[in-house]
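Read through the structure below, which is laid out as structure tokens, and then see the notes.
The values are calculated or read from the model by the stated rules, or taken from the named source; none is laboratory data. Keep in mind that this is a model prediction, so the values were computed, not measured. Every residue, glycine as well, gets a Cβ built from its backbone with ideal geometry; the counts of neighbours run over all protein chains shown. Only protein heavy atoms, including side chains, enter the accessible area calculation; ligands, DNA and RNA are left aside. Shrake-Rupley method; radii C 1.70, N 1.55, O 1.52, S 1.80 Å.
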2 protein chains.
Amino acid sequence: MLARLFCWTIASAMAAASPAMAEDGYDLWLRHAKAEGSMPQAIARHATAIMAPGNSATALAARDELVRSLTKIGGVVPALTDAPQEGAIWLATLASAGNLPVKLDGLGQEGYVIRSLTRNGRAMTLIAANSDIGLLYGTYAWLRLAETGASLDRLDVRSAPRVKLRLLNHWDNLDGTVERGYAGQSIWDWWRLPDWKGPRYTDYARANASIGINGTVLNNVNAKSDSLTAPYIAKAAALADVFRPYGIKIYLSVKWTAPMELSGLKTADPMDPQVAAWWKAKANEIYKAIPDFGGFLVKANSEGQPGPQDYKRSHADGANMLAAAVKPHGGIVMWRAFVYAHDNPDDRAKQAYSDFKPLDGQFADNVLVQVKNGAIDFQPREPFHPLFGAMPKTPLMMEFQITKEYLGQSTHLTYLGPLFEETLDADTYAKGKGSTVAKVIDGSLEGHRLTGIAGVANIGVDRDWSGSIFNQADWYAFGRLAWNPDLSAEAIAREWAAQTFSPDPKVVDPVVTMMMGSREAAVDYMTPLGLAHLMGTGHHYGPAPWIADLARPEWNPVYYHKADMRGIGFDRTKTGSNAVAQYAPPVAKMFADPKTTPERDLLWFHHVAWDAKLKSGETLWNSLVHHYDEGVAYVANMQKTWERLRPAVDVERFNQTKAFLGIQYREAKWWRDASLAYFQSIANRPLPSGSLPPEHDLNWYKAQNFPYAPGHP
Amino acid sequence: MLARLFCWTIASAMAAASPAMAEDGYDLWLRHAKAEGSMPQAIARHATAIMAPGNSATALAARDELVRSLTKIGGVVPALTDAPQEGAIWLATLASAGNLPVKLDGLGQEGYVIRSLTRNGRAMTLIAANSDIGLLYGTYAWLRLAETGASLDRLDVRSAPRVKLRLLNHWDNLDGTVERGYAGQSIWDWWRLPDWKGPRYTDYARANASIGINGTVLNNVNAKSDSLTAPYIAKAAALADVFRPYGIKIYLSVKWTAPMELSGLKTADPMDPQVAAWWKAKANEIYKAIPDFGGFLVKANSEGQPGPQDYKRSHADGANMLAAAVKPHGGIVMWRAFVYAHDNPDDRAKQAYSDFKPLDGQFADNVLVQVKNGAIDFQPREPFHPLFGAMPKTPLMMEFQITKEYLGQSTHLTYLGPLFEETLDADTYAKGKGSTVAKVIDGSLEGHRLTGIAGVANIGVDRDWSGSIFNQADWYAFGRLAWNPDLSAEAIAREWAAQTFSPDPKVVDPVVTMMMGSREAAVDYMTPLGLAHLMGTGHHYGPAPWIADLARPEWNPVYYHKADMRGIGFDRTKTGSNAVAQYAPPVAKMFADPKTTPERDLLWFHHVAWDAKLKSGETLWNSLVHHYDEGVAYVANMQKTWERLRPAVDVERFNQTKAFLGIQYREAKWWRDASLAYFQSIANRPLPSGSLPPEHDLNWYKAQNFPYAPGHP
């Protein structure tokens, strides 16, 4: 008897360990775990049947997603019905239903309504939209409500995306590597496309549709011309076919000199009629294969990439020539503002503004200028980019980085929601108080209808897609904020945690607490108080604030921190580079004075004496040390919190996160110790009492070497 | 009602499509599909309970594998018991059971017995062995019998491995790429080891143990010194810990100049005492971390790798120095014989023999010389390597290539079982008739106790491990033949198909038929009649028999086919390179005469006139064309067979194979057309009637270019 009991224990353990059943993270936030407690009944009562008259591929995707999810959540398969039924979900467009008891105006082609109503005496839930893709989005929204434990009795939700283009940018190379990818190789199996379209493509589309992402740039902005050859267009078209039912358009990054490389043209001058004709013909060729192709993304005259400036033409000249090629097909061009020049001695942080601000008004109406959140490069913290608000006649597209090039790569738990939120909520004062970056991006500040937001994807072939379970939250948060930039990072974290682990507050609360402080902790243990760009060369992995020997000055950490005997920080006021003058006057004024500059941005804008007193009364030096200490301590706390969650999380995901928190703790301490060993050698001050000395001496940290660090092709 | 019925259909479809349930190939031949018909009852009757007193990690692995498998096969969880019970499986060693009703002598540490017997009046199945790893092998053997539909009533099986070292060689680089890998990146996540040990490592060990593989060389023979640094030793140790319960030892490839690169030694001369001391210390360091470390694999003085010859020392000098370093720990050295030199004008096929034959008797007793199956390089067909049988005093280890560098890479269905079998069954005549390669390898011909066989792995992070479902069969066949070189490729294919798809003969028969002719088809459409090495430069992917401009003569296809106006083929008789003289006299005599040379090897050994008559009465030219035609036709037939299997195979695996067969057909035709376009330009003869002209002209084929072909780092 004992043996038999034992056997059942073993068997459950086995079942949990068996590959097919493993919680390996592949299902993302669409895990649809069997609901516990009263939830399955509550959900089942509102999903007794599905009335879904549409039969487009998109409508079927919505219906199938409901069937699949509800089956998994409740273990009961909802019936399909064509007549109203108590507890049914009714998916309807005007086209499929004739008329509807809700108004759909203002929802556009992507918005939806979810309304609890009674029809022929039967209580039902209507999901309605102007188009089938709106129904799909509404379906995912209803599932999100259901799985996060919302009451489903009296729903009255109206939602439409605030931003038109909600895109992932894949920095994926045609050879399968991913620049700044920490989740394995590219999920695009270019070699076996278009013949072989594995199921992962569909699951990618499902995941993106579930959070409202409606476009994807397939290839790296450091593009190869080959992606525009006929075989690669056919491969892209095969992906477009998979993605289409899920409302996802595809886009391509293009290399400026493609006409020369592919067709032997003598020039890539945008004013050369042959060049323009080449791009027009290429656009026609692409649209023949992919009628709903989205358009081009361009990195030009940036970090060695060719561009129109090579021919003494402006970025606008270049963008407009491409824009004319795709315009007849309804396509757009996204032109990146991430530029800085080796022969420009000016503050790197100023160069994009200097190049682009004068071009405002010169771009064609199907061009967006894509601007990174900050003026340097996806640092743990940067003040918002001064271009936001500064180009009122040009739609500016946000470029966030979801992949954590500078924030712990695949292993550190550093939830990016707060970073995204901080930037979107920042006030540019471009049209007075309340001129937030979000309003620039969603077009409401300056009346643009063409609007966009891009996130550099953190997706690879790793089974968990994003390199870790918690990195999935960044993908999720990006999509949710792209739909509605006013959502709070915390609310999004709660949604994600509930769907990913369990809606039980005993799980959600501590998980969200861990997440919400994690990015600030990374700032603290990497680059506190406005420091930036202190990482190792090339791989951007560990600390190396001492590096001073790279060819271009602005590649060296010492360029950024400018630590000397007196103090530390980059003077961007009038006495320095005067980058502050690129902001609107109220912002410029705030950043010009160390007293009004938020302490979190202090050393970004000011060179501050080591002994200067901060608001806390501490000296800068002591505060710097304490920030480093706090960053490390936060990680130690996350380890404790996670350990307490052991009973509530499946073994596999528990172990992965535990292992990664262990790595994070070691590396946080390494960042702190290496940075302090270096800064102390310059500041020449003792550590405040209670702060431990670095584990090794400075030379030990300098000798560290990582020849096989990922993400650096 | 109709709607409800419909709903169930949808739901089943959904369930099938859901990621967690998908037949994505991850489970390999350990899929343990729910058995159909009377099978579950038949199996359940012989597995009512498990009596498994052992409690080592290996014994638990055996018990857990039974529980997991039986649960999946029959849906019923077998009980664990400690007393004999009707229908129980009894796993026992002398140590765990005290005494046993079977004799275990002759089984060694890895063999097993499976015996149906009655104990205390109860019919049971005993799986017994001298060690726990033998129990694990016996467990997998019993499961294989059960799942292939064998009668389980009167089992009496004794089995012990014929070859001692049964190893995979991973050509995996520390940056995650895999040389000649076509199944995605390396499964070794070096960057996150030793902290993070994902479940895939365990599943890898299970899969290997299930077919008797007992060792794995983790890194590429083109090795980096870094794999011998402390951090990488710790990472390797973490993997060793995962593999140990499954009987799998780890080995490392080493770079000859590691003492210079890692420790600044001035030389890597094997006779230098400092060098020998360095390796001794390094071996001690490794064994401290991995007490059961297997040993070293070495590619030296081969294709640009450094080696002892750089110091005017022999391969034996080098191997023996390393062997002395690992000898105190029981380790071994595998020294590859794959050598050819850019400054050696002799026939490349002769060089390994010329270098190594004179060294016979000079190697230390813990050295094996690892020899590829043929004298060139894993071609679709090669005669057996002349070293087999030629070094009686030296244990020769076979090196097969499981990854299909030259046989269609990830997409072509070309089952390698017949290739392996053909080589193992080849008769060297070293000690008269019956001196097969298999007897050289298993040591029986020359009385060696240290024996080995290696397969270059076809494993990567692709969900299906091997790049395609059918490529899994090559991994499986390698393991099974390594255990018992006398198994037939067809019997192995039957086992594999039954476990992978279904034991139903309606599935197994056509699948096995497809498989068994597929390698010959690849020979026909790529390199018929003894041709070899006609592929494109670098990536080794498509046809390029015209290439004549590479720096080293033996890199060029024209070096191998030597086609001219008169005829085609490499004269390796006395009038040519006289490579035939490297074989034992009866074999040499057979190969010296085109009339006695098997037609399949004809052009390997002879330059034959285009109009020479073959046995069939056809001219060589016409026969060549017909072979190409037959190869393509075979693929077309596989497509038809597979289409007929649609109802019997799950959607996902059906679709993958269908897509790949489509690629294979296109590429088979391309190989045929490109090869014939080229050879016809030299032979200047018409195609025989009924043979279609190539689709394009020769220049079209020459212009094909594959910059992103996988597997070529």
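Which count do you get for residues in segment A:207-251 that are acidic (Asp, Glu) and open to solvent by less than 10 Å² (accessible area, probe 1.4 Å)? Show your work before the answer.
First, pick out the residues of segment A:207-251 that are acidic (Asp, Glu): A:226, A:241.
Those left that are additionally open to solvent by less than 10 Å² (accessible area, probe 1.4 Å): none.
Number of matching residues: 0.
I need a count of the residues in segment B:186-200 that are in a loop (DSSP other than H, G, I, E, B) and more than 15 Å from A:Arg463 (Cα to Cα).
Of segment B:186-200, the ones in a loop (DSSP other than H, G, I, E, B) are B:186-189, B:193-198.
When the remaining residues are screened for being more than 15 Å from A:Arg463 (Cα to Cα), the result is B:193-195.
Within segment B:186-200, residues that are in a loop (DSSP other than H, G, I, E, B) and more than 15 Å from A:Arg463 (Cα to Cα) number 3.
Condition (residue is open to solvent by less than 10 Å² (accessible area, probe 1.4 Å), under 22 Å from B:Leu70 (Cβ atoms) and assigned to a helix (DSSP H, G or I)) applied to segment B:147-159: is it met by at least one residue?
No, because not a single residue in segment B:147-159 is open to solvent by less than 10 Å² (accessible area, probe 1.4 Å), under 22 Å from B:Leu70 (Cβ atoms) and assigned to a helix (DSSP H, G or I).
Out of segment A:425-439, which residues are more than 12 Å from A:His385 (Cα to Cα) and part of a helix (DSSP H, G or I)?
A:Asp425, A:Ala438, A:Lys439
Of the numbered conditions (1) more than 30 Å from the chain's Cα centre (by Cα); (2) under 21 Å from A:Gly98 (Cα atoms); (3) surrounded by fewer than 22 Cβ atoms within 10 Å (Cβ to Cβ), A:Ala52 satisfies every one except a single condition; which is it?
(3)
Residue by residue, here is whether (1) farther than 30 Å from A:Ile248 by Cβ; (2) open to solvent by 10 Å² or more (accessible area, probe 1.4 Å); (3) without any contact (Cβ under 8 Å) to a residue 60 or more places away in the chain; (4) out of contact with any Leu (no Cβ under 8 Å at 6 or more places or on another chain) holds:
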| site | (1), (2), (3), (4) |
| --- | --- |
| A:Leu450 | no, yes, no, no |
| A:Trp465 | no, no, no, no |
| A:Gln472 | no, no, no, no |
| A:Ser488 | no, yes, no, yes |
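In this structure, is A:Phe420 closer than 26 Å to A:Ala316 by Cα and of a type in the set (Phe, Trp, Tyr)? So that I can check it myself, show each step before the final result.
Numbers: closer than 26 Å to A:Ala316 by Cα: no; of a type in the set (Phe, Trp, Tyr): yes.
Spelling it out, it is not the case that A:Phe420 is closer than 26 Å to A:Ala316 by Cα and of a type in the set (Phe, Trp, Tyr).
Given the structure, is A:Ile213 closer than 26 Å to A:Leu407 by Cα, in contact (Cβ under 8 Å) with a residue 60 or more places away in the chain and within 11 Å of chain B (Cβ to nearest Cβ)? Spell out the reasoning first.
Details: closer than 26 Å to A:Leu407 by Cα: yes; in contact (Cβ under 8 Å) with a residue 60 or more places away in the chain: yes; within 11 Å of chain B (Cβ to nearest Cβ): no.
No; evaluated as a whole, the condition is false for this residue.
Taking only segment B:238-287 into account, find how many residues are of a type in the set (Val, Ile, Thr) and either within 22 Å of the chain's Cα centre (by Cα) or over 21 Å from B:Lys299 (Cα atoms) (or both). Even if it seems obvious, please write down each step before you answer.
Step one: of segment B:238-287, the residues of a type in the set (Val, Ile, Thr) are B:242, B:248, B:250, B:254, B:257, B:267, B:275, B:286.
Still in the list and also either within 22 Å of the chain's Cα centre (by Cα) or over 21 Å from B:Lys299 (Cα atoms) (or both): B:242, B:248, B:250, B:254.
So the answer is 4.
Given (1) open to solvent by 20 Å² or more (accessible area, probe 1.4 Å); (2) more than 24 Å from A:Glu652 (Cα to Cα); (3) modelled with pLDDT of 95 or more; (4) more than 18 Å from the chain's Cα centre (by Cα), where does A:His539 come up short, assuming only one miss?
Among (1) open to solvent by 20 Å² or more (accessible area, probe 1.4 Å); (2) more than 24 Å from A:Glu652 (Cα to Cα); (3) modelled with pLDDT of 95 or more; (4) more than 18 Å from the chain's Cα centre (by Cα), the lone unmet condition for A:His539 is (3).
Take the residues of segment A:167-198 that are closer than 29 Å to A:Tyr140 by Cα and of a type in the set (Phe, Trp, Tyr): which is farthest from the other protein chains (Cβ to nearest Cβ)?
A:Trp171
Could you check segment B:601-611 and list, in sequence order, the residues that are touching a strand residue (DSSP E or B) at 6+ places or on another chain (Cβ under 6 Å) and either assigned to a loop (DSSP other than H, G, I, E, B) or at positive phi (or both)?
B:His607, B:Trp610, B:Asp611
Run A:Thr48 past the list (1) away from every other protein chain (no Cβ under 14 Å); (2) more than 25 Å from A:Thr202 (Cβ to Cβ) and report the number of the one that doesn't hold.
The one condition A:Thr48 does not meet is (1).
For segment B:51-97, which residues satisfy the criterion of being within 13 Å of chain A (Cβ to nearest Cβ) and hydroxyl-bearing (Ser, Thr, Tyr)?
B:Ser69, B:Thr71, B:Thr81, listed by residue number.
Would you confirm whether or not segment B:411-425 contains a residue that is in contact with a strand residue (DSSP E or B) (Cβ under 9 Å, 6 or more places away or on another chain) and open to solvent by 20 Å² or more (accessible area, probe 1.4 Å)? Don't jump to the end; show me each part of the working.
If we filter segment B:411-425 for residues that are in contact with a strand residue (DSSP E or B) (Cβ under 9 Å, 6 or more places away or on another chain), which is where we start, we get B:416, B:419-420, B:423-425.
Still in the running and open to solvent by 20 Å² or more (accessible area, probe 1.4 Å): B:425.
Yes, segment B:411-425 has at least one match.
Within segment B:212-258, which residues are within 30 Å of B:Leu135 (Cβ to Cβ) and hydroxyl-bearing (Ser, Thr, Tyr)? Full working, then the answer.
Step one: filter segment B:212-258 for residues within 30 Å of B:Leu135 (Cβ to Cβ), giving B:212-218, B:235-252.
If the condition is that a residue be within 30 Å of B:Leu135 (Cβ to Cβ) and hydroxyl-bearing (Ser, Thr, Tyr), then B:Thr216, B:Tyr246, B:Tyr251 are the ones that fit.
How many residues does segment A:456-470 contain that are in contact with a Ser or Thr (Cβ under 9 Å, 6 or more places away or on another chain) and either within 13 Å of another protein chain (Cβ to nearest Cβ) or part of a strand (DSSP E or B) (or both)?
Of the residues in that region, 7 qualify.
Say whether the condition of being away from chain B (no Cβ under 14 Å) and either farther than 25 Å from A:Val333 by Cα or at pLDDT 95 or above (or both) is met by at least one residue in segment A:199-206.
Checked segment A:199-206: no residue is away from chain B (no Cβ under 14 Å) and either farther than 25 Å from A:Val333 by Cα or at pLDDT 95 or above (or both).
Any chance segment A:60-69 includes a residue that's open to solvent by 10 Å² or more (accessible area, probe 1.4 Å), β-branched (Val, Ile, Thr) and within 34 Å of the chain's Cα centre (by Cα)?
For segment A:60-69, residues open to solvent by 10 Å² or more (accessible area, probe 1.4 Å), β-branched (Val, Ile, Thr) and within 34 Å of the chain's Cα centre (by Cα): absent.
Are there any helices (runs of 4 or more DSSP H) wholly within segment A:612-713 with 3 or more residues that are more than 20 Å from A:Gly542 (Cβ to Cβ), open to solvent by less than 80 Å² (accessible area, probe 1.4 Å) and among the hydrophobic types (A, V, I, L, M, F, W, C), and if so which?
Numbers: elements: A:620-644, A:651-683, A:698-703.
Once the helices (runs of 4 or more DSSP H) in segment A:612-713 are filtered for at least 3 residues that are more than 20 Å from A:Gly542 (Cβ to Cβ), open to solvent by less than 80 Å² (accessible area, probe 1.4 Å) and among the hydrophobic types (A, V, I, L, M, F, W, C), what remains is A:620-644.
Quick check, is B:Arg31 surrounded by fewer than 16 Cβ atoms within 10 Å (Cβ to Cβ) and modelled with pLDDT of 90 or more?
On the way: surrounded by fewer than 16 Cβ atoms within 10 Å (Cβ to Cβ): no; modelled with pLDDT of 90 or more: yes.
It is false that B:Arg31 is surrounded by fewer than 16 Cβ atoms within 10 Å (Cβ to Cβ) and modelled with pLDDT of 90 or more.
Based on what the data block shows, is B:Ile133 buried (at least 21 other Cβ atoms within 10 Å of the Cβ) and within 18 Å of B:Ser151 (Cα to Cα)? Walk me through it before giving the result.
Details: buried (at least 21 other Cβ atoms within 10 Å of the Cβ): yes; within 18 Å of B:Ser151 (Cα to Cα): no.
No; evaluated as a whole, the condition is false for this residue.
Would you call A:Ala22 at pLDDT below 80, under 33 Å from the mean Cα position of the chain (by Cα) and within 13 Å of another protein chain (Cβ to nearest Cβ)?
On the way: at pLDDT below 80: yes; under 33 Å from the mean Cα position of the chain (by Cα): yes; within 13 Å of another protein chain (Cβ to nearest Cβ): yes.
Yes; evaluated as a whole, the condition is true for this residue.
Mind checking which pairs have a first residue in segment B:587-603 that is small (Gly, Ala, Ser) and a second that is at pLDDT 95 or above and open to solvent by less than 50 Å² (accessible area, probe 1.4 Å), Cβ under 6 Å, 6 or more apart or different chains?
Filtered contacts from segment B:587-603: B:Ala588/B:Val580; B:Ala592/B:Thr573; B:Ala592/B:Val580.
Taking segment B:443-478, which residues are farther than 18 Å from B:Tyr26 by Cα and under 14 Å from the mean Cα position of the chain (by Cα)? Full working, then the answer.
Going through segment B:443-478, the residues farther than 18 Å from B:Tyr26 by Cα turn out to be B:443-456, B:478.
Matches in segment B:443-478: B:Gly452, B:Ile453, B:Ala454, B:Gly455, B:Val456, B:Phe478.
Six or more apart or on different chains, Cβ under 7 Å: which pairs go from a residue in segment B:651-662 that's closer than 14 Å to B:Pro510 by Cβ to one that's open to solvent by 40 Å² or more (accessible area, probe 1.4 Å) and in a helix (DSSP H, G or I)? Could you list them?
Listed pairs, sorted by first residue: B:Phe654/B:Arg646; B:Leu661/B:Gln639.
Filter segment A:568-589 down to the residues that are among the aliphatic types (A, V, I, L, M), under 17 Å from A:Val437 (Cα atoms) and open to solvent by 20 Å² or more (accessible area, probe 1.4 Å) and list them by number.
Selection gives A:Ala584 alone.
In segment B:699-713, which residues are without any contact (Cβ under 8 Å) to a residue 12 or more places away in the chain and facing chain A (nearest Cβ under 10 Å)?
Once the filter is applied, which keeps residues that are without any contact (Cβ under 8 Å) to a residue 12 or more places away in the chain and facing chain A (nearest Cβ under 10 Å), segment B:699-713 yields B:Asn705, B:Pro707, B:Tyr708.
Got a number for residues in segment A:201-239 being in a helix (DSSP H, G or I), farther than 24 Å from A:Gly25 by Cα and out of contact with any Asp or Glu (no Cβ under 7 Å at 6 or more places or on another chain)? Walk me through how you get there before you give the answer.
Step one: filter segment A:201-239 for residues in a helix (DSSP H, G or I), giving A:201-210, A:225-228, A:230-239.
If we keep only those that are farther than 24 Å from A:Gly25 by Cα as well, we get A:225-228, A:230-238.
Narrowing further to those that are out of contact with any Asp or Glu (no Cβ under 7 Å at 6 or more places or on another chain): A:226-228, A:230-231, A:234-238.
Summing the residues that are in a helix (DSSP H, G or I), farther than 24 Å from A:Gly25 by Cα and out of contact with any Asp or Glu (no Cβ under 7 Å at 6 or more places or on another chain) in segment A:201-239 gives 10.
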